[in-house]
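The values are calculated or read from the model by the stated rules, or taken from the named source; none is laboratory data. Since this is a predicted model, take the numbers as computed values, not measurements. All Cβ positions, even for glycine, are placed from backbone atoms using ideal geometry, and neighbour counts span all protein chains on display. Just so you know, the surface numbers come from the protein's heavy atoms only, side chains and all, with ligands and any DNA or RNA stripped out. Shrake-Rupley method; radii C 1.70, N 1.55, O 1.52, S 1.80 Å.
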Amino acid sequence: MSVQEYLEKHLLSRKIEDAVNAAVRAKTPDPVLFISNHMKKAVPSVITKIHARQILDSRGIPTVEVDLQTNKGTFRASAPSGDVTGMYEAVELRDGDKGMYLGNSVMRAVKNINEKISEALVGMDPTLQSQIDQAMIDLDKTEKKGELGANAILAVSIAACKAGAAEREIPLYKHIAELFGNTSLTLPVPAFTVISGGKHAGNNLAIQDIMILPIGANRFDEALQMGSETYSHLKAVITEKYGIHGCNVGDAGGFTPNISSVQEGLDLVKEAIARTGYKDRIKIAIDVAATDFCIGTKYDLDFKTPNKSGQNFKSGEDMIEMYKELCADYQVVSIEDPFDKEDWEHIKYFSSLALCQVVGDGLLMSNPKRVERAIRESTCNALLLKVNQIGTVTEVFEVVRLAKDAHWGVVASHRSGETEDSFVADLAVGLGLGQIKAGAPCRGERVAKYNQVHIPISSPATTTNTKRPLPPSLPLLAVFSCNVSFCVL
């Protein structure tokens, strides 16, 4: 085939002429670069390669990372992981070989991506998120993604979402918003973890997290400042009372002073807030994670203290009285998992008191069937959204839609095992979720999420880390009452 025949077969002469004319009209100082980019844009993007590897998360435990390539670039994503896998969430596939990372390696999931998922998706348009996700669901053929692994499927789904945004040349948060059908873009209120307990820390505190919400901020950067300053003051308060060893941190970056009661922790946080001068502009939230210390129908608040365990059992009714006092005395505006994941009766009654936002985490596990039941029975009024409990971006949209249609709050959440991937930040903005829980304002894998909202930028369009700013007029979504309703400022 001659050069002329080749040009004619692929219509290259016309395409080159169009590119040159565009360069002339643009008066570009670098015509070669301009023509190259113009030609590249003229070619529809398709997935050309998917390659996975095993990496370590913030706890030093293996997880899955994916590089998804199109003719527009390379797009990286990784799967977060929790410390406990619930029976109602998608299956996180691990190898189980005790000789490799104590059974936690994920080479089976990596192999499934490199050999099965890659073959199924290469050639697909990355902008067609639902089709990509459905192709993986069909390939897996199990209800909870136990064949390929939700960790494998999710990492690919997120990488494809990033590739789709790059193909459309819009920021990731905006691509997510358009996929979901959200036209009202807002920035979320951050829920900063400041004291850690439960299974995430080595102290005697039974509940998992004490958090602060800077609901009086007018902008996200102001909320970030308020959170950071309070965290620093809290470090000083803890040091004065317990010594510097009390400032060790848990998985999510919260301080872990050796306290035994939630009231003791809340007193420390109140003192820190008072020192900042922000007063009522910062409210308090707690993640009880009550399933961790539920024994039968009782709750053991001393389960981490061997010589006291079993002496401080509380009934569901006792717990409700305690929560009433916390809401009244400490301005607690949000309580997550106040009861065992199967204690629907007490959660429902407590929610009916309308004292605060009642968030379902272990209760719901981001499972659509559990969410539908909770909506039907008015069991709680907010969803803690953990994307790895579902497995694909498209299914995340579906469960968020359920919650929003029920006028629930939705909190975009990190996991105890995190990576530097900040997808959850773009997700929170794109879906207009209103709240983001990503840990303390410290530790790189936690701050990465807050910084993604704060700068604010979209997720990297390619591995060159191209950043696009959010509109400067984007408002902060704020909590304005004790039951955590939302408004746009």
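Any residue at all in the range 21-33 that is touching a residue at least 12 places away in the same chain (Cβ under 8 Å) and either assigned to a helix (DSSP H, G or I) or within 25 Å of LYS449 (Cβ to Cβ) (or both)? So that I can check it myself, show each step before the final result.
First, the residues of the range 21-33 that are touching a residue at least 12 places away in the same chain (Cβ under 8 Å): 22-23.
Right, trim to either assigned to a helix (DSSP H, G or I) or within 25 Å of LYS449 (Cβ to Cβ) (or both) and you get 22-23.
Looking for residues that are touching a residue at least 12 places away in the same chain (Cβ under 8 Å) and either assigned to a helix (DSSP H, G or I) or within 25 Å of LYS449 (Cβ to Cβ) (or both), one finds at least one in the range 21-33, hence yes.
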Tell me the residue from SER118, SER157, SER130 that is within 20 Å of ASP421 (Cα to Cα) and hydroxyl-bearing (Ser, Thr, Tyr), please.
SER157
Of everything in the range 288-327, what is modelled with pLDDT of 90 or more, basic (Lys, Arg) and in contact with a Gly (Cβ under 9 Å, 6 or more places away or on another chain)? Give them in sequence order.
LYS298
Can you find a residue in the range 229-240 that is more than 25 Å from the chain's Cα centre (by Cα) and part of a loop (DSSP other than H, G, I, E, B)?
no
Going through (1) open to solvent by less than 20 Å² (accessible area, probe 1.4 Å); (2) part of a helix (DSSP H, G or I); (3) touching an Asp or Glu at 6+ places or on another chain (Cβ under 7 Å) one by one, VAL269 fails only at (3)
Looking at VAL410, VAL332, VAL393, which one is touching a Ser or Thr at 6+ places or on another chain (Cβ under 6 Å), surrounded by 22 or more Cβ atoms within 10 Å (Cβ to Cβ) and among the aliphatic types (A, V, I, L, M)?
VAL393
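I want to confirm something. Restricting to the range 62-88 and keeping residues that are of a type in the set (A, V, I, L, M) and at pLDDT below 95, which single residue is farthest from LYS341 (Cα to Cα)?
My answer is VAL84.
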So, of the residues in the range 234-253 that are buried (at least 19 other Cβ atoms within 10 Å of the Cβ) and in contact (Cβ under 8 Å) with a residue 24 or more places away in the chain, which turns out to be farthest from GLU271 (Cα to Cα)?
ASP251
Give all pairs with beta carbons closer than 8 Å in which a residue from the range 66-81 that is free of Cβ contacts under 8 Å to residues at least 24 places away in the same chain meets a residue that is not acidic (Asp, Glu); count only pairs at least 6 apart in sequence or on separate chains.
GLN69/ILE47; GLN69/THR48; GLN69/LYS49; GLN69/ILE50; GLN69/HIS51; GLN69/PHE75
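I'm trying to understand the selection: among the residues of the range 352-388, which are of a type in the set (S, T, N, Q), assigned to a helix (DSSP H, G or I) and within 24 Å of the chain's Cα centre (by Cα)? Please lay out each step first, then the result.
Going residue by residue through the range 352-388, those that are of a type in the set (S, T, N, Q) are 352, 357, 366-367, 378-379, 381, 388.
Keeping just the survivors that are assigned to a helix (DSSP H, G or I) gives 352, 388.
If the condition is that a residue be of a type in the set (S, T, N, Q), assigned to a helix (DSSP H, G or I) and within 24 Å of the chain's Cα centre (by Cα), then ASN388 is the only one that fits.
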I'd like to check which helices (runs of 4 or more DSSP H) are fully inside the range 86-197 and have at least 2 residues that are touching a residue at least 40 places away in the same chain (Cβ under 8 Å), open to solvent by less than 40 Å² (accessible area, probe 1.4 Å) and small (Gly, Ala, Ser).
150-168
Criterion: under 16 Å from ALA438 (Cβ atoms) and either in contact with a helix residue (DSSP H, G or I) (Cβ under 6 Å, 6 or more places away or on another chain) or not aliphatic (A, V, I, L, M) (or both) - qualifying residue of SER232, SER196:
SER196
